Every structure is written in C-alpha cells, then in structure tokens.
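Student: Please find one structure pasted underneath; my questions will follow.
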Amino acid sequence: MLVIGIAGGSGSGKTTVAHAVVNKLGDENVALISQDSYYADLSHLSPEQKQHINYDHPDSFDNHLLVQHLKSLREGQPIEVPTYDFSTHSRTNKTLHVPSKPVVVIEGILILAAPELRNQMDIKVFVDTDPDVRILRRVMRDINERGRTLESVHEQYLTTVKPMHEAFVEPSKRYADLIIPEGGQNEIAIDLLTSLIERYI
Ligand code: CTP
C-alpha cells in the first residue's frame, strides 16, 4: 500500500487535488481520508465553548486514531472513519466504512506537522496557495457549507487560523517531497503526481 499525504493551508485546494487523484486512478484503487474526520470529539463542551476552540492547533486532532487507522489499512483491514459535523463542532454517531486499497490519500492542514503521521507516508505533498485566495475560498465555504457568519469567519481567521498557519502549517512545507502551486487548478502537477503513483502501483 502506498500512502500519499496532501497538506496545505485552509482553503488551499487540498480536497480538489485529492479528488483529482482519485478520479484519475479510480476509486477502486484509492481510499481518500481527511484529517478533518479526526478532529477530537468535543460534544461534552457547550456551543459557546466550542466556538472558541483553536481548531488549527496540532493538538485539536486525534492523530493517535488516525495513525492506528493507517496501520490497519496497511495490514489489509478495513476502518470505520468518524464523521465530523462542522456546524456543531462534533463527531456524529455515524462512521464511514473504508476498505483497504492499493493507494491511500490523506489530506489535511496539519498532516505534515506531526512526525508520527509523516512516518506513515510514502509521498508528501504540500499545496501552496496564496493567503488571499485561501481566505476568499474559506469565507465562501464557511458561510455556505459550515453554517458560519461573516463576523465569525473574520474573528476565527485572525485569532487562530492565520497565527496557527504561520506557526505550524507553513513550516511543515519543508517536509514535502512535492510542492504544488495553486492546487486544484494545476493540471500539470496533478498529472505528474498521478503518473508517479501509477509507477508504484
Ligand atoms: N474548523 C472549524 N471548525 C471546526 C473544526 C475545524 O472552523 N469545528 C476549521 C479549522 O479552522 C481549519 C479548517 O477547518 O482551518 C480545516 O479545513 P480546511 O483545510 O479549510 O478544509 P479542506 O476542505 O480540508 O481543505 P481545502 O480547502 O484545502 O480543500
């Protein structure tokens, strides 16, 4: 099994790159996992407390479970991926059954920041998109899909997203084997990445 990690800041286009890889290689060959599914469960907190959590710090994720899941997939075992609801900041009681496949793509803002996750990866990719493009995408997405207001996106961006990006996400770029400028729009980089993966499988 080959594990591809796709990191990059919020709104960089990681999901688009990951989906492009799945489309080109076929979903019978590729399992796609998002680090977002492994946000620690905070259902014990009040809605008010949950709004003020730093979701951009490496400690917000249950990386222990993610590493365990990657190991299970490597052993050919299926996994039950938690599902996360961004509007309530909680894990739901549903899980997604993911069988082991020849290629696993894991995408997330901080997957290259944690050594225990990096050690599980065969190819490390960083999607490098300008901050102005990322924040524009984030505003649209958080309002349209994650039940947020413009004011809350503004406050969260300045208090946690931007400082954590600078402290943890951007420095993790040094661990990438491949840096893709302007993520999802970069056809040539996506072709290169898929040909590289095809050579291994
Ligand atoms: N986040 C949030 N509320 C939560 C949990 C996470 O607002 N309860 C935010 C974090 O602030 C973090 C972002 O979710 O910055 C991570 O998702 P992001 O990388 O933006 O989304 P993807 O679709 O995975 O990536 P991309 O836009 O690059 O495709």
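The values are calculated or read from the model by the stated rules, or taken from the named source; none is laboratory data. Everything quoted here is computed from the prediction, not taken from an experiment. Because the Cβ atoms are built from the backbone with ideal geometry, glycine has one as well, and the counts that use them run over all protein chains shown. Heavy atoms of the whole protein, side chains included, go into the accessibility calculation; ligands, DNA and RNA do not. Shrake-Rupley method; radii C 1.70, N 1.55, O 1.52, S 1.80 Å.
Student: Which count do you get for residues in segment 172-181 that are in a helix (DSSP H, G or I) and open to solvent by 50 Å² or more (accessible area, probe 1.4 Å)?
Tutor: Residues meeting the conditions: 2.
Student: Taking segment 121-140 on its own, how many of its residues are in a helix (DSSP H, G or I) and either farther than 17 Å from ALA18 by Cβ or touching a Phe, Trp or Tyr at 6+ places or on another chain (Cβ under 7 Å) (or both)?
Tutor: Number of matching residues: 8.
Student: In addition: Regarding segment 182-193, can at least one residue be identified that is under 20 Å from SER60 (Cβ atoms), surrounded by fewer than 18 Cβ atoms within 10 Å (Cβ to Cβ), at pLDDT below 95 and of a type in the set (S, T, N, Q)?
Tutor: No, segment 182-193 contains no residue that is under 20 Å from SER60 (Cβ atoms), surrounded by fewer than 18 Cβ atoms within 10 Å (Cβ to Cβ), at pLDDT below 95 and of a type in the set (S, T, N, Q).
Student: Tell me, yes or no, whether segment 34-48 has at least one residue that is in contact (Cβ under 8 Å) with a residue 40 or more places away in the chain, within 15 Å of the ligand (Cβ to nearest atom) and closer than 22 Å to ILE201 by Cβ.
Tutor: Checked segment 34-48: at least one residue is in contact (Cβ under 8 Å) with a residue 40 or more places away in the chain, within 15 Å of the ligand (Cβ to nearest atom) and closer than 22 Å to ILE201 by Cβ.
Student: Collect the residues in segment 69-96 that are away from the ligand (no atom under 16 Å from the Cβ) and under 21 Å from MET121 (Cα atoms), keeping them in residue-number order.
Tutor: The answer is HIS69, LEU70, LYS71, SER72, LEU73, ARG74, GLU75, GLY76, GLN77, PRO78, ILE79, GLU80.
Student: So which residues in segment 146-182 are on the phi > 0 side of the Ramachandran plot and not acidic (Asp, Glu)?
Tutor: GLY147
Residues are listed down the side, and each one gets a yes or a no for (1) more than 10 Å from the ligand (Cβ to nearest atom); (2) small (Gly, Ala, Ser):
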{"position": "ASN144", "(1), (2)": "yes, no"}
{"position": "THR149", "(1), (2)": "yes, no"}
{"position": "SER152", "(1), (2)": "no, yes"}
{"position": "GLN156", "(1), (2)": "no, no"}
{"position": "THR159", "(1), (2)": "yes, no"}
{"position": "PRO163", "(1), (2)": "yes, no"}
{"position": "VAL169", "(1), (2)": "no, no"}
{"position": "LYS173", "(1), (2)": "yes, no"}
{"position": "PRO181", "(1), (2)": "yes, no"}
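Student: I would also like to ask the following. Condition check: within 22 Å of LEU66 (Cα to Cα) and either of a type in the set (Gly, Ala, Ser) or outside any helix (DSSP H, G or I) (or both). Does MET164 satisfy that?
Tutor: No; evaluated as a whole, the condition is false for this residue.
Student: Right, here's the next one. Could you run through segment 133-158 and say how many residues are surrounded by 13 or more Cβ atoms within 10 Å (Cβ to Cβ), within 18 Å of PHE86 (Cα to Cα) and among the β-branched types (Val, Ile, Thr)?
Tutor: Number of matching residues: 4.
Student: Being under 16 Å from LYS71 (Cβ atoms) and within 15 Å of the ligand (Cβ to nearest atom) is the filter here; which residues of segment 101-113 pass it?
Tutor: Answer for segment 101-113, where residues must be under 16 Å from LYS71 (Cβ atoms) and within 15 Å of the ligand (Cβ to nearest atom): ILE106, ILE111.
Student: Any idea which residue in segment 121-132 is farthest from the ligand (Cβ to nearest atom), counting only those that are surrounded by 19 or more Cβ atoms within 10 Å (Cβ to Cβ) and among the hydrophobic types (A, V, I, L, M, F, W, C)?
Tutor: MET121
Student: Over 22 Å from ILE53 (Cβ atoms), of a type in the set (S, T, N, Q) and touching an Asp or Glu at 6+ places or on another chain (Cβ under 7 Å), is that true of THR92?
Tutor: Here the answer is no, as THR92 does not meet what is asked.
Student: While we're here: I need the strands (runs of 3 or more DSSP E) fully contained in segment 1-120, keeping only those with at least 2 residues that are open to solvent by 10 Å² or more (accessible area, probe 1.4 Å).
Tutor: 30-34, 79-85, 90-98
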